[in-house]
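Data first, discussion second: the structure below is written as structure tokens.
The values are calculated or read from the model by the stated rules, or taken from the named source; none is laboratory data. In this text, all values refer to a predicted model and were calculated from it rather than measured experimentally. Counting neighbours? That spans all protein chains shown, and the Cβs are built from the backbone with ideal geometry, glycine included.
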Amino acid sequence: MSLFNTPENSSIHGQFSPSPEETSRRSNWFGNKVFNQDRMLQNLTREAYESVNNAIQTGSKIDRKIADQVAEAMKTWAISMGATHYTHWFQPLTGATAEKHDAFLDLLPDGKAIEKFGGSQLVQQEPDASSFPSGGIRNTFEARGYTAWDPTSPAFVYGSTLCIPTIFVSYTGEALDNKAPLLRALQAVDTAATAVARYFDKNVNKVNATLGWEQEYFLVDAELAATRPDLVLAGRTLLGQAAAKGQQLDDHYFGVIPSRALQFMRELETECILLGIPVKTRHNEVAPNQYELAPVFEEANLAVDHNLLLMDVMEKVAEKHGLKVLFHEKPFAGINGSGKHNNWSLSTDTGTNLLSPGSTPMKNLQFLTFFVNTIRAVDRFEALLRASIASASNDYRLGANEAPPAIMSIFIGTQLSQVLDELEGVSRGKLSPEEKTELKLNVVGKIPEILLDNTDRNRTSPFAFTGNKFEFRAVGSKTNCAKPMTVLNTIVALQLQEFKSEVDTLIEKKKLKKDEAIFNVLREYIKASKRIRFDGDGYSDAWAAEAGRRKLSNNRATPQALEVLTSPETLEAFKRMGVMTETELRARREVELETYILQTQIEGRVLHELVYGSVIPATIKYQNRLLENIRGMKEVYGAVHKELAEAQLTLLEDLASHLQEVKKHTDAMTEARKQANKLKDVADRAGAYCNSVLPYFEQIRLHADKLERLLGQEDWPLARYRELLFVK
Ligand code: ADP
Ligand code: MG
């Protein structure tokens, strides 16, 4: 295997020697640390292998004896991979992942040490998880929660720990995590989409939702970052004067990757490939020190796990390279923030992408069916989709003229718009032979050609059709994709179920042919969901006004956006699809509101600390130096000193006025927090944080940044934007 024909070993990158893994094909060691299908085949009896496979395919139960066998095989393999501990790896509602490590080590009655890991430890665990947020579920029901093995996402060895992906539920069955509802939503969309796909192909038995995320992030020098309390505690800068140079030259975007970042990426990719995360692209993003990484898409549950694992691996690898990764949606003011596009589609067990047009009119009708139903679903539940990505940090990005606005809309391009416009004109009831031929040849038949030369792309749309998938672009870089994926798959499942029943009714009651019935229902959906389609500039004020006329929601702040989580329509949709109960939805809304409050509260405290701990003392020190200087001038020059020290005197006044403002707003902010904290109701409290605490942040920042400009390099105690963004 030659090392010298890959781009990173070409002259500019030749200074790095490849790791042992890098010297062989990635496909050879892909997933080496994963207990995947191959490893199960090698290590399990046929009976156990089939039982696990069945559980993966159909959700069937695995009996205790088999679980023991699987656990034994997993343990032996994991120990051979250097594992000493195991953990149930789960996704509490805090958004990150959680783990509690237990050693394999156990003692026999005679005191002899053995390595033990049985079926019961594999299948179920009771973490002492009482301090994970539950939105009151555990208080109302049962104090304990337990984690349960998700065999659809393979176990893996991470460091020296065998990680077993699990769901986290209460003893009364309520989901306490983000994975359990996702699995239910994927089940719902599988059932509904399979039923519809069978109109077109009787061989379809399963439909998987697919997800390809694109992770954006910043890399900053770890030592510099450590000097900033805001980066350490809030993950973003709360203060900071813009650097003289920002992203205006566009010289970072897709440019040569700086060498420390590249070394980080290479090690990261090696680790990802070993963990079975199929990383594919890496490049610089728009802002300085901003990058993106994207994998090949996968089944949605696995893709979600891989994204969460990736974020963890990134933090660890970055540390080794003296870097800190920032996943915050808006770590720096004045330059682009980070998102995590979610590319989504539906794919059958016969290998068909249901959002990909095909070579025959029937395939294209299938495409149109799933395409139009998705549009209809998003139209009906646009506010819910917005809620699925709501967070304090994503509020800084949505609608800030660099990311899609908080208004949900769908871009499909002019040519597909034309197709839908024509379909709107399809006759009611039975179609004449001429109309059928016309539809076949000139409307439906033209779709593949259209898509091939469909070059119009719209980067300002939050939900865009991109040829064979939809791309949800408003997802935040920190967000757990499970949340938007749960909502999207649930609403599409509901929509497809209704579609199926409408089509079947037309076939039975009105004696329409299948394709006639489908055209009839699609026509009505196209008419009904026109308001969600928008191909223009999503960043413009004109669109916000137009969206208002169309009665689309525009919830710019999280507390407001979350309201819809408990609306009658939402409760009904989740209940019908069996994804979440009213209790679970109420709990989720409460946890999201609490998280919003806590994050804003932390930022408020950090700001106070920055102002009183750094900004004020630094300013006063500088004022004293100026005063000393002016006094000296007076001593030497007497009365004329005022003229000679004019610069110092005006500087003193400027400093004093900004100092007063900074202090005034900081004190007012602290007072506003006190008032907000007194509110009993969590929604009221979140509202108060949003409307009466948050506005002070900008005011404080405005004056603190002015002070930063006035203070000299050695007088300003915090790392500056210039250093954070341009030290590579
Ligand atoms: P960009 O949005 O940056 O222009 P692409 O259009 O090439 O990039 O999209 C790339 C992303 O789309 C990748 O992460 C890829 O895995 C994902 N993707 C491609 N096909 C599908 C699919 N059928 N389902 C889900 N994701 C997909
Ligand atoms: Mg993209």
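Whether a residue is within 17 Å of SER338 (Cβ to Cβ) and modelled with pLDDT under 90 was assessed, and TYR217 does not pass this test. Taking region 362-389 as the range and being over 15 Å from ALA197 (Cα atoms), in a helix (DSSP H, G or I) and not hydrophobic (A, V, I, L, M, F, W, C) as the test, the residues that pass are ARG376, ASP379, ARG380, GLU382, ARG386. Based on this model, can you work out whether LEU598 counts as surrounded by fewer than 18 Cβ atoms within 10 Å (Cβ to Cβ), out of contact with any Phe, Trp or Tyr (no Cβ under 8 Å at 6 or more places or on another chain), part of a helix (DSSP H, G or I) and among the aliphatic types (A, V, I, L, M)? In short, yes. Tell me whether region 379-394 contains one or more residues that are within 16 Å of ligand 2 (Cβ to nearest atom) and farther than 17 Å from ASN208 by Cβ. There is at least one residue in region 379-394 that is within 16 Å of ligand 2 (Cβ to nearest atom) and farther than 17 Å from ASN208 by Cβ. In region 447-459 there is no residue that is of a type in the set (Ser, Thr, Tyr), in contact (Cβ under 8 Å) with a residue 24 or more places away in the chain and within 16 Å of ligand 1 (Cβ to nearest atom). Only one of the listed residues (THR87, THR166) is within 30 Å of ASN205 (Cβ to Cβ), among the hydroxyl-bearing types (Ser, Thr, Tyr) and either at pLDDT 90 or above or out of contact with any strand residue (DSSP E or B) (no Cβ under 9 Å at 6 or more places or on another chain) (or both). That residue is THR166. The conditions of being out of contact with any Asp or Glu (no Cβ under 6 Å at 6 or more places or on another chain) and crowded, with 22+ Cβ neighbours inside 10 Å are met by ALA83. Please verify whether region 339-358 includes one or more residues that are within 16 Å of ligand 2 (Cβ to nearest atom) and under 23 Å from TYR721 (Cα atoms). There is at least one residue in region 339-358 that is within 16 Å of ligand 2 (Cβ to nearest atom) and under 23 Å from TYR721 (Cα atoms). Of the residues THR619, THR666, THR650, the single one that is under 27 Å from ALA234 (Cβ atoms) and without any contact (Cβ under 8 Å) to a residue 60 or more places away in the chain is THR666.
Of the helices (runs of 4 or more DSSP H) that lie entirely inside region 20-124, those containing 1 or more residues that are of a type in the set (Val, Ile, Thr) span 46-58, 64-80, 119-123. Just one residue in the set LEU211, LEU176, LEU224, LEU122 is within 26 Å of ILE491 (Cα to Cα), in contact (Cβ under 8 Å) with a residue 12 or more places away in the chain and away from ligand 2 (no atom under 16 Å from the Cβ); that residue is LEU176.
For region 323-331, does any single residue satisfy the condition of being outside any helix (DSSP H, G or I), within 16 Å of ligand 1 (Cβ to nearest atom) and crowded, with 19+ Cβ neighbours inside 10 Å? Scanning region 323-331, I find no residue that is outside any helix (DSSP H, G or I), within 16 Å of ligand 1 (Cβ to nearest atom) and crowded, with 19+ Cβ neighbours inside 10 Å, so the answer is no. Within this structure, VAL313 fails the test of being away from ligand 1 (no atom under 16 Å from the Cβ), within 20 Å of the chain's Cα centre (by Cα), farther than 22 Å from PRO20 by Cα and not aromatic (Phe, Trp, Tyr).
The selection criterion, being out of contact with any Gly (no Cβ under 7 Å at 6 or more places or on another chain) and surrounded by 19 or more Cβ atoms within 10 Å (Cβ to Cβ), holds for ASP305. Against the condition surrounded by 24 or more Cβ atoms within 10 Å (Cβ to Cβ) and touching a residue at least 40 places away in the same chain (Cβ under 8 Å), how does PRO462 come out, does it pass? Yes, satisfied.
Got at least one residue in region 252-274 being under 21 Å from CYS163 (Cα atoms), touching a residue at least 24 places away in the same chain (Cβ under 8 Å) and touching a Phe, Trp or Tyr at 6+ places or on another chain (Cβ under 7 Å)? Yes, region 252-274 contains a residue that is under 21 Å from CYS163 (Cα atoms), touching a residue at least 24 places away in the same chain (Cβ under 8 Å) and touching a Phe, Trp or Tyr at 6+ places or on another chain (Cβ under 7 Å). Quick check on region 344-353. Is at least one of its residues touching a Cys at 6+ places or on another chain (Cβ under 9 Å), more than 10 Å from ligand 1 (Cβ to nearest atom) and touching a residue at least 40 places away in the same chain (Cβ under 8 Å)? No, because not a single residue in region 344-353 is touching a Cys at 6+ places or on another chain (Cβ under 9 Å), more than 10 Å from ligand 1 (Cβ to nearest atom) and touching a residue at least 40 places away in the same chain (Cβ under 8 Å). Considering (1) surrounded by 20 or more Cβ atoms within 10 Å (Cβ to Cβ); (2) in contact with a Lys or Arg (Cβ under 7 Å, 6 or more places away or on another chain); (3) assigned to a helix (DSSP H, G or I); (4) not assigned by TED's automatic domain parsing to the domain that holds LEU707, the lone condition that ARG531 does not fulfil carries the number (1).
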